[in-house]
Amino acid sequence: MFGRMPKMTIGRVSQIPVRLDITFLIVPYLLFSALSGRPVGEHWQQMAAVTVGVFLSIFLHELGHALTARLYSVRVAEIVVGGFYGYASMKKMAVTRLRAMAILAAGPAANLVIFGILWLALSTPSFAELTPRGLRWPAGGNLEWLAETLRLMAFLNLLMFAFNLLPVFPLDGGKLFGLVLNRFYTAVTSVRVVSWLSIVFGAIMALYGFGSSIFMVFIGAMIVTTNLSRLRLTKAR
């Protein structure tokens, strides 16, 4: 679905091309809407900082997948970062179930590490006293917008960690759940179980989003349509 989106190469990491697709343009747009009531100076600073933070959160998640895949000699063609998603495109290769699970788990693990680093940074009055004391910032008021941005990034990465581990396809958790089911059931049965669970979750998410978040409606609808397509493929086979 997203593989056909226009993309721009912005660099390479460990010889892996890193590309930004056009959907990332919705990030500053959404931030502009959310922060429009703030003072002009802080507004633009915070919008830029959060945009960079969102990019890094998605990119490091996908880099976790990519570097773990490379560790197991799986070729990674590219890393793509979009406005509300990302993916590391890998060549299909035969790997053990445990290695496949390690590759999938590496993305959410990267977000958990980012959360931990930010939590420590926001919780200590100095780097000499890295003692967690809750998400707060000891600096003066002139940096309060930066403190708020770092708190938001900490929360975002914790949310990405938890959300991506849900047993819902195409999230990492859904793929992990499918690998676990494959240990006990046929591939077709595993796909059907994960797909139906994902459809129910996506429908609930979309319905909950009506009247509160068009973003949730879109993501829920995408999950439903993706898994309906998977079910149709299993029937065709």
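Remarks
- In the set (1) crowded, with 18+ Cβ neighbours inside 10 Å; (2) aromatic (Phe, Trp, Tyr); (3) assigned to a helix (DSSP H, G or I), the condition left unmet by Tyr208 is number (1).
- Pro167 meets each of the listed conditions (1) touching a residue at least 60 places away in the same chain (Cβ under 8 Å); (2) part of a loop (DSSP other than H, G, I, E, B) apart from (1).
- Residue satisfying all of: in the range 13-45; modelled with pLDDT under 85 and outside any helix (DSSP H, G or I); surrounded by the most Cβ atoms within 10 Å (Cβ to Cβ) among these: Leu35
- Selection count where residues are at pLDDT 90 or above and within 20 Å of Ile26 (Cα to Cα), scope the range 202-219: 1
- Condition met for Phe201 (open to solvent by 70 Å² or more (accessible area, probe 1.4 Å), aromatic (Phe, Trp, Tyr) and in a helix (DSSP H, G or I)): no
- When Ala48, Ala109, Ala121, Ala102 are checked against the criterion of being open to solvent by 20 Å² or more (accessible area, probe 1.4 Å), in contact (Cβ under 8 Å) with a residue 24 or more places away in the chain, farther than 18 Å from Asp172 by Cα and part of a helix (DSSP H, G or I), a single residue qualifies: Ala121.
The values are calculated or read from the model by the stated rules, or taken from the named source; none is laboratory data. All values reported here derive from a predicted model rather than from experimental measurement. Cβ atoms come from the backbone with ideal geometry, glycine included; neighbour counts cover every protein chain shown. Ligands, DNA and RNA are excluded from the accessible area calculation, which covers all protein heavy atoms including side chains. Shrake-Rupley method; radii C 1.70, N 1.55, O 1.52, S 1.80 Å.
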